[in-house]
Every structure is written in structure tokens, then in C-alpha cells.
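Heads up: the structure comes next, in C-alpha cells.
Bear in mind these aren't lab numbers, they're just calculated from the coordinates by the rules spelled out. Here the structure is a predicted model, which means the values were calculated and not measured. Neighbour counts are summed over all protein chains in view; Cβ atoms, including those assigned to glycine, are modelled from backbone coordinates with ideal geometry.
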Amino acid sequence: MVELPSIVIKTRELLSLRSYRVSELLEYENRYVMYPIRDKGDELLKKTVWIFKEPKVVGIAVVKDILGDMEENESYDAMLVGGTRFTPAAKKFAKQARVELVTGQYASFDLFGHQLVPQHLITDDSEIKLILNHYGIQKSQLPRISRDDPAAKAVGARRGQVIRIERDSPTAGMVYYYRIVTDLAR
């Protein structure tokens with residue numbers, strides 16, 4: 001049995017944390033490719049994931065290549081893992097094209113495995129409506145969390161999404177906190 005590189009294993013763990021199912025891993029000369037899927041209501045979301053075997057500087061041409069692969073495989077979004085540095089043009093184009101750029105230098109531990117870090121989940125639209133109606137507030141009135149927060153990054157949160165934080169309280173049981181993801185926490 002072939003042992004997979006740690007960057008592939010950690011990327012799979014990250015995808016499973018985000019509720020994706022990975023069924024296959026394709027190997028090319030310079031990268032690994034996965035097409036994980038997840039259920040979102042009635043639809044099935046497909047993602048294109050490229051993992052470079054050797055760290056490299058990623059420019060706009062590479063982002064355009066993965067965008068072409070996304071369109072060919074009818075993927076909703078993509079993830080590019082293993083860049084040592086991303087050029088400003090690549091970052092800008094990736095943001096517009098729904099391509100997540102990951103350096104590939106994952107933490108050496110599972111963030112949510114630590115006892116002091118509560119579970120973070122991206123909340124679905126029906127739960128958001130229920131919460132907003134219950135409290136009589138607008139989405140913009142929710143407390144904020146930066147999209148650069150390590151937990152928000154781990155679950156793949158994007159600006160405008162709402163994260164549910166589940167904390168276990170000795171007196172109240174399971175308690176839920178809701179935060180809206182912003183570019184900068186204020």
C-alpha cells in the first residue's frame with residue numbers, strides 16, 4: 001500500500017471537516033487532484049482541489065488553469081494547496097473565481113481537537129432566518145468574526161456567512177453563539 005504525503009492527508013481532513021466526501025485521488029506529474037462532493041440541501045456541490053507535490057510560487061496562470069479544470073468538471077469552487085507564495089494578481093483573480101489559496105503549511109495539530117476550542121460550523125439559511133426572526137434583528141447586527149480567524153479558515157467560511165459556535169456549558173448545557181464572517185473583526 002502506498003503511503004500518501006502528509007499534505008494530502010491533512011487536506012482530506014480539512015475537507016471532511018467541511019463536510020466533503022472524497023472518493024478518489026488522481027496523481028499527475030506535479031500535483032494531486034481531488035473532486036470532493038457534499039450535499040447542500042437538494043443540490044450536490046462539487047469542488048476541485050489541486051495539491052502541489054513541490055511548494056511553488058503561484059501566479060495568475062496557475063489560477064486560470066484550475067479555473068479551467070473547475071469549469072470542465074462543473075465544480076462550484078476550488079482549492080489550490082501548496083503554494084509558498086501567491087502573487088497579488090493571483091490572489092485577486094482567485095477571490096473572484098472562487099478559488100481558495102492554501103499555503104500547505106497546515107498546523108501540526110487539529111484545531112478543534114483542543115479542549116478550549118469549541119466546534120464551529122457554517123450555518124444554513126433556514127437556521128439563520130429562524131435566529132434573526134426570533135431576536136428581531138438583521139444579519140448585519142450579529143457579532144462579527146474575522147474570516148482570517150483560524151477557526152473560520154478551518155471551516156472555509158467566506159465573508160457574509162454565519163458561523164455557529166457550539167459551547168458546552170456546565171450550567172446551561174449546549175449553548176450556541178452566532179457570528180457573521182467579515183473581512184475584519186470590528
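Here are some notes:
- Local net charge near Leu130, Cβ-Cβ under 12 Å (Lys/Arg +1, Asp/Glu -1): -1
- With K and R counted +1 and D and E -1, the other residues having a Cβ less than 13 Å from that of Glu54 yield a net charge of +2.
- Arg158 paired with Val33, simple spin-label distance in nm, labels 7 Å along Cα-to-beta-carbon: 2.2 nm
- Taking every alpha-carbon pair under 8 Å whose residues sit at least 6 apart, segment 30-98 reaches a relative contact order of 33 percent.
- Hydrodynamic radius by Kirkwood, which averages 1/r over all alpha carbon pairs of segment 111-182, in angstrom: 12.7 Å
- For segment 162-178, backbone nitrogen atoms closer than 12 Å to the point 7 Å from Leu132 Cα along Cα-to-C-beta are found at 162.
- Rounded to 5, percent antiparallel among DSSP beta bridges of the chain: 60 percent
- Rounded to the nearest 20, the size of the Cβ-charge dipole of the chain about its Cα centre is 820 debye, with Lys and Arg at +1 and Asp and Glu at -1.
- nm² value of the averaged projected area, convex hull over the Cα atoms of the chain: 12.9 nm²
- GNM on the chain, alpha-carbon springs under 10 angstrom: the most fluctuating residue among Val58, Val33, Val117 is Val117.
- Set Lys95/Lys129; Lys10/Lys53; Lys95/Lys139 screened for pairs whose C-alpha atoms are more than 19 Å apart: Lys95/Lys129; Lys95/Lys139
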